[in-house]
Every structure is written in structure tokens, then in C-alpha cells.
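One structure is given here, and the rest of the page talks about it.
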Amino acid sequence: MWSLSGITNWVDQWLNATFNPTLTLIIEMVIVGVCVISLFAVLGLVLVIMERKVSAWMQIRLGPNRVGPKGMLQSFADTLKLLVKEGFTPNGADKFLFNLAPYLAIIVAMLLMAPIAFAKDFHMWNLNIGVLYVSAVSSISVISILMAGWASNNKYSLMGAMRSGAQIVSYELSAGLAILTIVVLTGSLNLNDIIQSQANGWWIFKGHIPAIIAFVIFIIAVTAETNRAPFDLAEAESELTAGFHTEYSGMKFALFFLAEYVNVFIVCAIGATLFLGGWMPFHIGNWQSFNHVMDFIPSSIWFMGKTFFLIFLIMWFRWTFPRLRIDQLLNLEWKYLLPISMFNILLVTAVAILGWHF
Amino acid sequence: MEKEELKLKITELNTTATFDETGEWLNVTVDAKDWLPFAHQLRNDPVLVFNYLFCVTCIDWKTQLTMVYHLSSTHDRSNTVVIKINLDRNNPEIESVSSIWKTAEFHEREVYEMFGVKFLNHPDLRLLILPDGWEGKNPMLKDFDDPVNMIRL
Amino acid sequence: MVEEIGTNTDGDLLINVGPQHPATHGVLHLVITLNGETIKKVEPHLGYIHRSIEKMCESLTYRQFIYVTSRMDYLSAHINNHACALCVEKGMQIEVPARAQVIRVIMDELTRIASHELWWGAMAMDIGAFTPFFHAFRERESINDIMEETCGARLTMNYMVPGGVMADLHPDFQKKVKAFISFYKTKIDEADELLTGNIIFQNRMKGVGILTKEDAISYGCTGPTARGSGVRCDIRKIYPYEIYNTLEFDEVIETGCDSLSRYLVRLKEIKQSLRIVEQLIDNIPEGDFQAKTKAVLKLPKGEFYSRVETARGELGVYIVSEGGTTPYRIKFRSPGFSNLSALDKMARGSKLGDLVAMMGTLDLVIPDIDR
């Protein structure tokens, strides 16, 4: 059957037959790099138009509908506008850090792409500590936000950056503990092993109540970590105008914007991988014929479907909820989510040891 | 409370007050120097309780300035008096009542910049509406003239 | 006037909110002293949209000056005009025909609904929920359509003249209003479903921006702002004008003194306004829509004060007449000006995020404050 892994294997064999191993590796890295960058661009365009369409749908309006069929090319036009805009650096800004920050944000997002399995046997780097890598690298994103806020020499930016620093550091704990529950159940840090362990059922179904609690906490925590409403205090349009990226314009602003959306995609992809079985098709017990039909759908579609379902969920939050206040935000994490996650880890450990899960 | 009752009550508080009953409400004219103690009495009198100052403004009569305070009570809404105080147009000065009615703080600042009335013991007497550099220029006075920006109808 | 940018001697952060800021809904400028996220002081600087309407009115005739006041509180433009027309009628002792009175009141209440709808959406947007804004605009739009059909304008309607209204109602008016009422009744509870019951919203509003009853009176607060603190101050009830004393409606009072109370007062007020419109829409008496008045109006020498309940509170119009065709001095006691003065008192000690919630529930319209 046609599959993405088939294509990659074919390319690999062809390159190996034509060039020597070192050159093959270099060429493959270049191909992967190009693929990541184009995926970035496509993701940015798709997610922006999706956000606008989802928000329009929730707000009883049409949304973009002029550029291209049904307004689908609107984000191309927006990108073009941002590209030709002047990249303005304020006078009092720390020029080096100011210009570095958006690139740091985008690099972090790119690094996070590495261990994700997009389809069966289709990933950039089968890392044996994938989960650890993801949680470690995602922490770096706070530095870019702090850097942007500090270097802008703007009080709104500074406050936004400080808020976001407190927020991301706090919510990382819950997100980490939620991820850990699945690691405890699987016994592996490798994302591919985690997916394989869900061949007979996704963890959200197999893991009883602890897995569901972990899933809910994970979704809340990653919404906060990606600075999206109702946790968008770092930007807080009505309080801090635009928070840490108040002073950014043109392509530098676009990079922050892109990084936000790609981060949303990545956390949703990880959520789908951990809880919803990644590219594993949906199976129901012994319904052989049903399971075969499900198997017929390509694994990449399964992965993207699940990821975009979670992205839709996060967008739904954004257009429904009001924003929290900073003290309420930290209360929620330290007084509620963190104790619950810690207790949940105990519970899931007991479940794993006693083998209560399916 | 009827006008007559109010009049009697106010005469008890301030014997020098003069009355004018032509308008909708009772108009009371007092001296500028009596104003602050009189205001205290109006606010704290157990029967009158004029706790609601709803309008503070000034009128430029070309020969004098007149401060106008509209007072009412939330306990008895029919109690309404208009206090008028005539001020010297060349050196208008009056005690601030912002310690009695908080709303007076903003209203007095507005009167200060528009008419140039100086409110003594006001906590923060600065320009509120006009931009910097307009100190001393009082646009609501009848003889105000701005040769650059004036539009005449 | 504007403090030096930076920090003051106590190491507090001075931050300028406005005049261009998404939460100020206009050109309000607040200088906020912050200690971390906690507000120590809020200082409003006004005047960015000051047009000195009072001075302008001194050179406009009694027929003309009414329409300038539409530009004060543009969201309740019709009610502003109403206050001015009432003041002129009081001075001239003009008897307004019954039909005109009913039309005026219906229009007042429709304006109030539209204004509160806009406030609801804008306030939700202030605290970070974007969707209510668009839902609110859908309802407001249908009111604006009714207004447009009746008097040709959607926002600043200029429908009032001393002695009545400018033109008779459109033949479709009753049908349109009834259609609006039945449509609106299906949507009115959406506000509660979408926002009021939300736990985040409740947390953001409860106990925030406390304004005690004493302070509300002392600061001269009126309208829903004061009624949220338990002050009875609905001018329609305590000093009824036009036909309000014959109508059945409740004065909405909440005693929570916080942002949530002020929010609930406005939501409930929408329902009361709807009740008034429902009572009147089938009972518009036949007759003249305008009293016979002279072409040139001259108010007798004296002082005249009229007040109405706008969507924001008590609007007073104080005319000093010397007997001419133009007012000698005119003063508008605008509700927003007094309500704003209480902001500093409310905001001290709370978080920066709460400030927008407070400003939202004060329902500030900047041209109304600046005049």
C-alpha cells in the first residue's frame, strides 16, 4: 500500500546506491531541512486561515472570503504584507537581543519537530528519549519571550514577558507530570514505543480515569504554555496592548506569530501521540471488519486528524473563554493542577504496577 | 420637603443667606467666606443630609463669577437646593468642598481650568482637560479670545 | 501634565494607558502607578476629545444646540437630545403631544437597549472574550435598522425638536419593532449562557472594583454604576419625565457593590427596557407628533435644569438664559465624568487586569466625559 515511509525508503535506497554514505547523509539532512521549513510555512498559512474561519464560525460571521476561493488565500496575502513591511527597531531597544528573540522562538519550534512521528515509520529522528527531549526543548521558548520583552525597552512588553515567564515555568510542571503518566504506563521515553503500545487501544481509553485526568490537565497546561486564550496574559490585548511583541513589526512579528501557531501544532501533535495513539487507527475490540476499514485509512491522515481535532479544541477555548487574571492563573496551577497531577502520578503508578489498565 | 421648610431650615444654619424662589428649586446665595462651614452643615445636618452634589459649575456674568452648586439628598429626593456664591472676577477664590463631596474634586478642577477659579485646599488642583501651557487661559470666560484657533459663528 | 516616563522615587512603575489603548474605548488617558501588578494610583488625564460643546452651545440657537449634544454620549444620542428638548420645553412651557411623548420614550428605550448591548460586547472583549462582541452587534444592528428607517440616521439620530419629534413614525415602525422584540427574546438569554455563568468570568468580576454605597453617592455616581452599589437613582422613577410615571417597570438594584453587580444591573435593565417598549408599541396614540411652536425660540430670563436617565446615568442640562435666542451659559452634567472620578478609589490595590474589568463596568464613553 502507498505510504510515506515507502517514499522515504525509496529515496534513501536510491541515494545510497548513487552516492557515498557521507554525502547521502548530507543530502538527506538538506532534504529534511527543506521539508521542515516548507512544513512550517504551510502550517502557518493553514492554521491562520483555520483560526480565522473557526472564529468566524463561532462569531456568526463569514470571516475572510475575498482572496482566493472562499478566502483560502487570505493568509498568503497577509504573509506577503508582513514580508514587505518595514522591520522597525525602537531607538532605546537592545538591538542584538531584540532581533535575536524572534529567531530563537522559531528555532525552538523547529527543534520540537524532530522526534514527532507524522505517520507510520515516518519521523525525522527516532530518539530514545523523545519525551524528555520535547519537555526540555520546549522550556527554551520562555527565554525568547523574556528576551523580546526585555529588549523592547517598553513597559508593556516587559510586563508581558514577566507574566509569560511566571506562567510558562509554572505550567511546565503540570504538562510534564501529565506526560509522565503516559511514560509510567508505557515504560518508555521513546515516542515510537509509546505509539506502538497503543496498538490495541489508545491510552485515553486504556488508562482508566488517571489517563483522562492527565489528558485534561495536559490540554489546560499546553494551552497556557503556548500563551493562548484564556491564558494569553503575555499578550493580553486589552491590558498590555500586545504584551511582549508590542514593538515588533513586519517579518519579526510574523516569526513570533508563526512560532505560536507551530507550537500549538506541536503540542497538539504530542497530545495526540501520547493520549490518542498518534498515527494508530481507531480500533474497537474484536470488530474485525470495522478495524480493517479503519486500517485502510493512511496513518498520516489519522495523525493529522487527531492533531487538528486537538487544535480545534484549543481554538474553541480561545473564542469562548474570557481571560484569567495573573493571580488566578498562578492559583490554578499551584493550588489545583499541580497537586492533582502529583496525586494522579501516584494513582497511575499503582495502576501500572498492579496492571489494572487494559 | 417644601421650599418654605427648606428655607426655614437653612436660615437656621446660615443667617446671612439670601433666597430666590423664582426657579424650579430654592436658590440660596451665601458669602464665599461662609461656604465651607455652611457646606459642612448642609452635609451633616440630620434632617437635610445633602449628601449628593450632582452639579458644580460657574457662570461668568462679566462683572462677577458665580459658582453654582446643585445639592440633593438620597434620603429625600425632593430636597434640592441650588447654592450660589458670587466671586470677585479679578481674583476668584473659594474653599474647595472636595473633602465633603468627593465628586467636587473633578468638577472643581474643570471649573478651575475653564474659569480660573482658585479652589483653596484642593488636593490636586491641576489642569484636567486642557493640555499643558493653558494655565491662566480660561476658555469659558466671556472675554476669552484666541486669535489663532477661534472660530466664530 | 504627563509624568516623566519611568519610575518614581518609590521604585514604582508609571505606565500610560491610553490615549491610544484597546481597553479605553476612545481617547482616555490614564497614568497608572504600579507596584508589580498591583495598582497604587490611577490618574485620568482628559481632554483628548474635548470640543467645548458648552461654549459652542452659547452661540447656537435653542433649535440648533440640541443636535450638538448627540456627539456627547454618542451611544445614547437620542436620550441626550431628549434632555435638551425637555429643558427648552420647560423654559418655554411647551405642551408635548401624547403621541410625541410615546415615540420619544420608545426611542429612548430602544437606544438604551442598543447602548447596553454594545457595552456588553465591549466589556466582554475587555476581559478577553471576543465572541460576545459579535453576538451583541447582531442585536444592536437590528435596532439601528429601525432607527435608520424612522429618522434616517443610525447613531446620532437628531430626531428631537423642542415640542415633539422631527417626523412622524415610519408606517412599518410597529411591525419592525415587534419583529425585533420577538427576535430579541430568543436571544436575550444568550448573554447569560455565553458569559455570565462562566466560572472564569465570575472570578474576574466578583469582589472586583468595590464601590460602597457611601462612596457611590459621594462621588456623584449615577446610573447602573450607582445602582450596582445599592443606590436608588433611576431618574425615570424618582423624577419621572414624559410618561414614565404611567409605565410599569422596575428599578434594578443590586447590592454587591462590585463589578458583577454593575454587570447584572445592566443586563436586567435591558429586560426592563424591553418591557417598556412592549407596553407602548401597541398603544401609540394618534395625533400630532409635534407641538406648534414659533420659528424662533426665546427662553425667558432665568435658569432651567432638566435631567434624564441615559444609558450611563443622570444627564443634567442646566441652561442660564438672558432672554435671547441663544443660551447665556449651558452646562451638561454628564454621568461619565462623575463615574470616572470614582475609578481611582475603586482601582487602588487591585491588579492591572482588574482595571479593564472595572472600566468595562463603568461603561465609559469618552466624548461624554470630555464634552
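The values are calculated or read from the model by the stated rules, or taken from the named source; none is laboratory data. In this text, all values refer to a predicted model and were calculated from it rather than measured experimentally. All Cβ positions, even for glycine, are placed from backbone atoms using ideal geometry, and neighbour counts span all protein chains on display. Only protein heavy atoms, including side chains, enter the accessible area calculation; ligands, DNA and RNA are left aside. Shrake-Rupley method; radii C 1.70, N 1.55, O 1.52, S 1.80 Å.
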Among the numbered conditions (1) out of contact with any Lys or Arg (no Cβ under 6 Å at 6 or more places or on another chain); (2) modelled with pLDDT under 85, tell me where residue B:37 comes up short. (2)
Filter the stretch C:117-136 down to the residues that are over 19 Å from residue A:318 (Cβ atoms) and surrounded by fewer than 24 Cβ atoms within 10 Å (Cβ to Cβ) and list them by number. C:118
Is at least one residue of the stretch A:116-130 open to solvent by 90 Å² or more (accessible area, probe 1.4 Å), free of Cβ contacts under 8 Å to residues at least 60 places away in the same chain and not polar (S, T, N, Q)? yes
Inspect the stretch B:35-58 for any residue being of a type outside the set (Phe, Trp, Tyr), exposed (fewer than 13 other Cβ atoms within 10 Å of the Cβ) and under 30 Å from residue B:144 (Cβ atoms) and give the result as yes or no. no
Strands (runs of 3 or more DSSP E) lying entirely in the stretch B:1-106 (those with 2 or more residues that are facing chain C (nearest Cβ under 9 Å), closer than 29 Å to residue C:327 by Cα and not hydroxyl-bearing (Ser, Thr, Tyr)): B:52-60, B:64-72
Count of the stretch C:259-309 residues which are farther than 21 Å from residue C:86 by Cα and either open to solvent by less than 60 Å² (accessible area, probe 1.4 Å) or in a helix (DSSP H, G or I) (or both): 19
Any idea how many residues of the stretch A:56-98 are within 14 Å of another protein chain (Cβ to nearest Cβ) and farther than 30 Å from residue A:321 by Cβ? 3
Of all residues making up the stretch C:287-301, the number that are farther than 30 Å from residue C:339 by Cβ and in contact with a strand residue (DSSP E or B) (Cβ under 9 Å, 6 or more places away or on another chain): 8
Tally, over the stretch B:10-33, of residues that are over 29 Å from residue B:143 (Cα atoms) and either surrounded by 13 or more Cβ atoms within 10 Å (Cβ to Cβ) or touching a residue at least 60 places away in the same chain (Cβ under 8 Å) (or both): 9
Exception for residue B:148 within (1) more than 13 Å from chain C (Cβ to nearest Cβ); (2) buried (at least 21 other Cβ atoms within 10 Å of the Cβ) falls at (2)
Tally time: how many residues in the stretch A:90-115 are in a loop (DSSP other than H, G, I, E, B) and open to solvent by 40 Å² or more (accessible area, probe 1.4 Å)? 3
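Does residue C:334 satisfy the condition of being hydroxyl-bearing (Ser, Thr, Tyr), in contact (Cβ under 8 Å) with a residue 12 or more places away in the chain and surrounded by fewer than 22 Cβ atoms within 10 Å (Cβ to Cβ)?
So residue C:334 does not fit the description; no.
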Quick one: residue C:141 ticks every box in (1) within 13 Å of another protein chain (Cβ to nearest Cβ); (2) closer than 20 Å to residue C:241 by Cα except a single one, so which number is it? (2)
Quick count over the stretch C:228-237, residues being part of a helix (DSSP H, G or I) and within 12 Å of chain B (Cβ to nearest Cβ), is 2
Given the conditions (1) over 14 Å from the mean Cα position of the chain (by Cα); (2) over 25 Å from residue C:55 (Cα atoms); (3) not hydroxyl-bearing (Ser, Thr, Tyr), report the number of the one that residue B:61 does not fulfil. (2)
With the structure loaded, tell me whether residue A:156 is more than 19 Å from residue A:102 (Cβ to Cβ) and modelled with pLDDT of 85 or more or whether it fails that test. no
Take the residues of the stretch C:170-225 that are of a type in the set (A, V, I, L, M), over 20 Å from residue C:125 (Cβ atoms) and away from every other protein chain (no Cβ under 14 Å): which is most open to solvent (accessible area, probe 1.4 Å)? C:210
Can you find a residue that is open to solvent by 10 Å² or more (accessible area, probe 1.4 Å), farther than 29 Å from residue A:48 by Cα and touching an Asp or Glu at 6+ places or on another chain (Cβ under 7 Å) anywhere in the stretch A:198-214? no
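Yes or no, residue by residue, for (1) within 14 Å of chain C (Cβ to nearest Cβ); (2) over 30 Å from residue A:91 (Cα atoms); (3) among the hydrophobic types (A, V, I, L, M, F, W, C); (4) buried (at least 24 other Cβ atoms within 10 Å of the Cβ):
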position	(1), (2), (3), (4)
A:237	yes, no, no, no
A:245	no, no, no, yes
A:251	no, no, yes, no
A:258	no, no, yes, yes
A:273	no, yes, no, yes
A:281	no, yes, no, no
A:284	no, yes, yes, no
A:287	no, yes, yes, no
A:296	no, yes, yes, no
Long-range neighbours under 8 Å by Cβ, at least six apart or interchain, first residue among the charged types (D, E, K, R) within the stretch B:61-74, second open to solvent by 10 Å² or more (accessible area, probe 1.4 Å): B:62/B:89; B:62/B:142; B:62/B:143
Among (1) part of a loop (DSSP other than H, G, I, E, B); (2) touching a Lys or Arg at 6+ places or on another chain (Cβ under 7 Å), where does residue C:240 come up short? (2)
Do we have residue B:66 as within 14 Å of the chain's Cα centre (by Cα) and either of a type in the set (Ser, Thr, Tyr) or farther than 17 Å from residue C:319 by Cβ (or both) here? yes
With the requirement that a residue be under 30 Å from residue B:145 (Cβ atoms), open to solvent by 30 Å² or more (accessible area, probe 1.4 Å) and within 18 Å of the chain's Cα centre (by Cα), what does the stretch C:53-106 give you? C:67, C:71
Scanning for something among the charged types (D, E, K, R), closer than 24 Å to residue A:340 by Cβ and within 14 Å of chain C (Cβ to nearest Cβ), does the stretch A:203-220 turn up at least one residue? no
Might you let me know whether the stretch A:317-336 holds any residue that is part of a helix (DSSP H, G or I), of a type outside the set (D, E, K, R), over 16 Å from residue A:220 (Cα atoms) and over 17 Å from the mean Cα position of the chain (by Cα)? no
Criterion first (buried (at least 19 other Cβ atoms within 10 Å of the Cβ) and more than 14 Å from chain C (Cβ to nearest Cβ)) does residue A:177 satisfy it? yes
How many residues does the stretch C:58-106 contain that are farther than 30 Å from residue C:282 by Cα, part of a helix (DSSP H, G or I) and within 11 Å of another protein chain (Cβ to nearest Cβ)? 1
Go through the stretch A:318-358 and report how many residues are over 21 Å from residue A:169 (Cβ atoms) and either among the hydroxyl-bearing types (Ser, Thr, Tyr) or touching a residue at least 24 places away in the same chain (Cβ under 8 Å) (or both). 13
